[in-house]
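Asker: Sharing a structure, written as structure tokens. Questions coming.
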């Protein structure tokens with residue numbers, strides 16, 4: 001078996017969410033942050049015939065990266081994997097999945113109060129603004145004037161702000177301030193359909209690749225106030 005570049009990129013992204021991972025039988029890969037505030041799921045080109053755990057995903061990807069075009073073969077006892085090319089090979093041992101952090105079930109998204117498209121360019125602008133202004137709060141703000149993404153410090157009334165007005169938004173009549181920490185926006189590149197619930201949960205679905213994320217909102221989010 002060989003890992004496609006798309007799967008390799010997804011695994012690199014998931015390693016930023018959680019350093020370990022459990023790969024289950026099938027073609028879906030999932031990860032969840034240790035704090036349980038980010039869950040990622042992707043459908044990949046490869047189909048895995050056995051389940052296994054990797055304790056240090058970055059290390060595993062680094063080992064695979066030692067080869068230009070590696071072949072991966074899981075041992076018959078499912079305890080290790082052989083990563084090889086031509087005359088070179090690495091025997092890499094798996095970890096017991098029971099000691100690793102992995103999603104126990106899929107998330108059922110509650111009813112949502114706002115839906116919009118977050119473009120890759122807008123996401124890049126949010127990251128630049130957060131870095132430049134030295135703030136980490138991303139607020140999805142809904143008022144009678146519309147919906148905007150605001151980069152700010154919600155705890156500082158005099159904080160500088162960066163704002164992107166959104167169009168093509170689906171929402172109700174209530175005002176809201178849904179607060180995120182930009183550090184939780186650990187997504188692969190692309191445009192996203194974003195759905196946010198006042199139950200402090202959001203769903204980010206990539207429109208360019210079969211990957212999606214569920215991200216918890218900050219507890220100081222408000223709705224209908």
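Asker: Among the residues of segment 39-51, is there at least one that is under 22 Å from the mean Cα position of the chain (by Cα), within 14 Å of residue 3 (Cβ to Cβ) and without any contact (Cβ under 8 Å) to a residue 24 or more places away in the chain?
Answerer: At the first step, the residues of segment 39-51 found to be under 22 Å from the mean Cα position of the chain (by Cα) are 39-48, 51.
Filter once more, so that each one left must be within 14 Å of residue 3 (Cβ to Cβ): 42, 44-48.
If we keep only those that are without any contact (Cβ under 8 Å) to a residue 24 or more places away in the chain too, we end up with 47.
Scanning segment 39-51 turns up at least one residue that is under 22 Å from the mean Cα position of the chain (by Cα), within 14 Å of residue 3 (Cβ to Cβ) and without any contact (Cβ under 8 Å) to a residue 24 or more places away in the chain.
Asker: As an exercise: evaluate residue 66 against (1) surrounded by fewer than 14 Cβ atoms within 10 Å (Cβ to Cβ); (2) in contact (Cβ under 8 Å) with a residue 24 or more places away in the chain; (3) assigned by TED's automatic domain parsing to the domain that holds residue 203 and give the number of the one condition it does not meet.
Answerer: Checking residue 66 against (1) surrounded by fewer than 14 Cβ atoms within 10 Å (Cβ to Cβ); (2) in contact (Cβ under 8 Å) with a residue 24 or more places away in the chain; (3) assigned by TED's automatic domain parsing to the domain that holds residue 203, the one that fails is (3).
Asker: Here's something else I'd like to know. Any residue in segment 153-164 that is in the same structural domain as residue 187 (by TED's automatic domain parsing), within 21 Å of residue 187 (Cβ to Cβ) and surrounded by 19 or more Cβ atoms within 10 Å (Cβ to Cβ)?
Answerer: no
Asker: If we keep just the residues of segment 26-38 that are touching a strand residue (DSSP E or B) at 6+ places or on another chain (Cβ under 6 Å) and surrounded by fewer than 20 Cβ atoms within 10 Å (Cβ to Cβ), which is nearest to residue 202 (Cα to Cα)?
Answerer: Going residue by residue through segment 26-38, those that are touching a strand residue (DSSP E or B) at 6+ places or on another chain (Cβ under 6 Å) are 27-32, 37-38.
Then drop every residue that is not surrounded by fewer than 20 Cβ atoms within 10 Å (Cβ to Cβ), which leaves 27-28, 30, 37.
Numbers: 27: 24, 28: 20, 30: 17, 37: 10 Å.
The extreme case among them is 37.
Asker: Now for a different question. Of the residues 156, 167, 174, only one is over 24 Å from residue 103 (Cα atoms), over 22 Å from the mean Cα position of the chain (by Cα) and touching a residue at least 40 places away in the same chain (Cβ under 8 Å); which? It would help to see each step written out before you state the result.
Answerer: Values: 156 fails: touching a residue at least 40 places away in the same chain (Cβ under 8 Å); 167 fails: touching a residue at least 40 places away in the same chain (Cβ under 8 Å).
Only one candidate passes the filter, namely 174.
Asker: Going by what's in this entry, would residue 181 be described as closer than 30 Å to residue 5 by Cα, touching a strand residue (DSSP E or B) at 6+ places or on another chain (Cβ under 8 Å) and without any contact (Cβ under 8 Å) to a residue 24 or more places away in the chain? Full working, then the answer.
Answerer: On the way: closer than 30 Å to residue 5 by Cα: yes; touching a strand residue (DSSP E or B) at 6+ places or on another chain (Cβ under 8 Å): yes; without any contact (Cβ under 8 Å) to a residue 24 or more places away in the chain: no.
No, not satisfied.
Asker: Here is a further query. Give the residues of segment 1-18 that are at pLDDT below 95 and touching a helix residue (DSSP H, G or I) at 6+ places or on another chain (Cβ under 8 Å), sorted by residue number.
Answerer: Hits for segment 1-18 are 3, 8.
The values are calculated or read from the model by the stated rules, or taken from the named source; none is laboratory data. The structure displayed is predicted, hence computed values, not measured ones. Note: ideal-geometry Cβ built from the backbone for every residue, glycine included; neighbour counts use all protein chains shown.
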